[in-house]
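Notes follow the structure.
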Amino acid sequence: MKRTLFVVAVFVSLGVVFLPQAGNQAFAQASPSPTPTPKPTPNVLEDDTVYKVDTELVNISVRVIDRAGRPVNKLSESDFKIFEDNVQQQIEFFSRSELPTNYAIVVDNSGSLRSQLEKVIEAGKILVSSNGPNDETQLIRFVGKDKISIEQDFTSNKADLNDSLDNLFIEGGQTAITDAVYLAVENVEDYEKSSKAVDRKRRAIILVTDGEDRDSFYSDKQLFDLLRESETQIYVIGFVSELSSEGSIIRKSAQSKAKSYLERMATETGGKAYFPNSVDELAGIAKDIGAELRTQFSIGYVPTNDRKDGTFRSIKVQVADGPNKEKRIPITRAGRTAEAETPAKPATATTTKP
């Protein structure tokens, strides 16, 4: 018998405390009150490592496709130009090899996904089967804000992941998509975090949902602020066709609103959104996502604007045309939020007794 543990999630302004323990865990239940509560001091485990760097290395993952949407892989560093706020940046790190990937499969288990769940589980297993030996995957199940749980923590063990996928089940509740994605992004970002180029790992979330958020604690703005600070790409499988397509002049339909929201998540993070018309498309989508994650270029640069002012900086990538002026189209995240300077504490005067 599977034992499901639900852990209390402490929602603090924009933060969440995760318990970095192995095995089945759960995210915490969100406070129903929007009033922030004091953030507790987190426990630091003995094996926690804090990295500190004097310069901020910005890392981006770039997919390149041709006009037909086919991946273009045979490119070199000289084919790329990176711009931040329209200022060209010097590339400090470049890799076209397959980097290890840490990603979370985040699955909506509310009643609206009942008829798709079996095929969703199959698609999840296809994704897991494409994992390399150094890839690690986490499985997150969600319904409402009080039912967001880690069914399997990060692991490279495919059998454990498949078992956890088989244990997913549908449950009633008001869907909290924003909360689930917010918590998953923080978890993926924090796992094996390192500032060293040699430790680079690609980070991603694969979200399966109908796209209709009904009961999240976090706002859309809070989520997208977080996404701009992260390196996590979001791939979406959205079953929006069952939502109402009836709207009005002043209000979008539920279907249009959900599709727009999911597309924005994918576009702003350099990921991709899929909207299948049938569950029979899921196997092909899973294979496509697996290939997308592993056919990217990893590029790092130290920004010429080194001010730590917490402002948003746009990122644009240019790729040289191919033979016969074949157009190459780069896809990456829209930008980033710069680090904010932590105010220095005032010095305490020391009085020496005569």
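Does ALA204 qualify as being part of a helix (DSSP H, G or I), among the small types (Gly, Ala, Ser), touching a residue at least 60 places away in the same chain (Cβ under 8 Å) and surrounded by 21 or more Cβ atoms within 10 Å (Cβ to Cβ)? Steps first, answer last, please.
Numbers: part of a helix (DSSP H, G or I): no; among the small types (Gly, Ala, Ser): yes; touching a residue at least 60 places away in the same chain (Cβ under 8 Å): yes; surrounded by 21 or more Cβ atoms within 10 Å (Cβ to Cβ): yes.
For ALA204, the condition - part of a helix (DSSP H, G or I), among the small types (Gly, Ala, Ser), touching a residue at least 60 places away in the same chain (Cβ under 8 Å) and surrounded by 21 or more Cβ atoms within 10 Å (Cβ to Cβ) - is not met.
Just give me the residues in segment 292-306 being surrounded by 12 or more Cβ atoms within 10 Å (Cβ to Cβ) and of a type outside the set (Asp, Glu), in sequence order. Listed by number, the residues that qualify are LEU293, ARG294, THR295, GLN296, PHE297, SER298, ILE299, GLY300, TYR301, VAL302, PRO303, ASN305.
Looking only at segment 94-123, residues that are closer than 22 Å to MET265 by Cα and hydroxyl-bearing (Ser, Thr, Tyr) come to 4 in all. Restricting segment 111-151 to residues that are of a type in the set (A, V, I, L, M) and part of a helix (DSSP H, G or I) leaves a set whose member that is surrounded by the most Cβ atoms within 10 Å (Cβ to Cβ) is ALA123.
Is one or more of the residues making up segment 255-267 in contact with an Asp or Glu (Cβ under 6 Å, 6 or more places away or on another chain) and either in the same structural domain as ARG67 (by TED's automatic domain parsing) or over 22 Å from GLN138 (Cα atoms) (or both)? Within segment 255-267, one or more residues are in contact with an Asp or Glu (Cβ under 6 Å, 6 or more places away or on another chain) and either in the same structural domain as ARG67 (by TED's automatic domain parsing) or over 22 Å from GLN138 (Cα atoms) (or both).
Checking ASP166, ASP135 one by one, the residue that is over 17 Å from the mean Cα position of the chain (by Cα), touching a residue at least 24 places away in the same chain (Cβ under 8 Å) and assigned by TED's automatic domain parsing to the domain that holds GLU192 is ASP166 and no other. If the condition is being aliphatic (A, V, I, L, M) and touching a Lys or Arg at 6+ places or on another chain (Cβ under 9 Å), then segment 85-103 contributes ILE91, LEU99.
Put simply, of LEU168, LEU183 the only residue that is part of a helix (DSSP H, G or I), in contact with a strand residue (DSSP E or B) (Cβ under 9 Å, 6 or more places away or on another chain) and surrounded by 15 or more Cβ atoms within 10 Å (Cβ to Cβ) is LEU183.
Here's a check for you: in segment 55-84, which residue that is in a loop (DSSP other than H, G, I, E, B) and either at pLDDT below 50 or surrounded by 14 or more Cβ atoms within 10 Å (Cβ to Cβ) (or both) is farthest from the chain's Cα centre (by Cα)? Before you say what the answer is, go through the steps one by one.
As a first pass, look at segment 55-84 and keep what is in a loop (DSSP other than H, G, I, E, B): 55-57, 66-70, 72-76.
Remaining after also requiring either at pLDDT below 50 or surrounded by 14 or more Cβ atoms within 10 Å (Cβ to Cβ) (or both): 56-57, 72, 75.
On the way: GLU56: 20, LEU57: 19, VAL72: 23, LEU75: 26 Å.
In this case the residue turns out to be LEU75.
When THR304, THR311 are screened for being outside the structural domain of ALA204 (by TED's automatic domain parsing) and closer than 22 Å to ARG200 by Cα, only THR304 passes.
Would you confirm, using the coordinates I've provided, whether SER129 is touching an Asp or Glu at 6+ places or on another chain (Cβ under 6 Å) and in the same structural domain as ASP213 (by TED's automatic domain parsing)? No; evaluated as a whole, the condition is false for this residue.
The values are calculated or read from the model by the stated rules, or taken from the named source; none is laboratory data. As the structure is a computational prediction, the values presented were derived from the model and not from experiment. With ideal geometry, Cβ positions are generated from the backbone for all residues, glycine too; neighbour counts draw on all protein chains shown.
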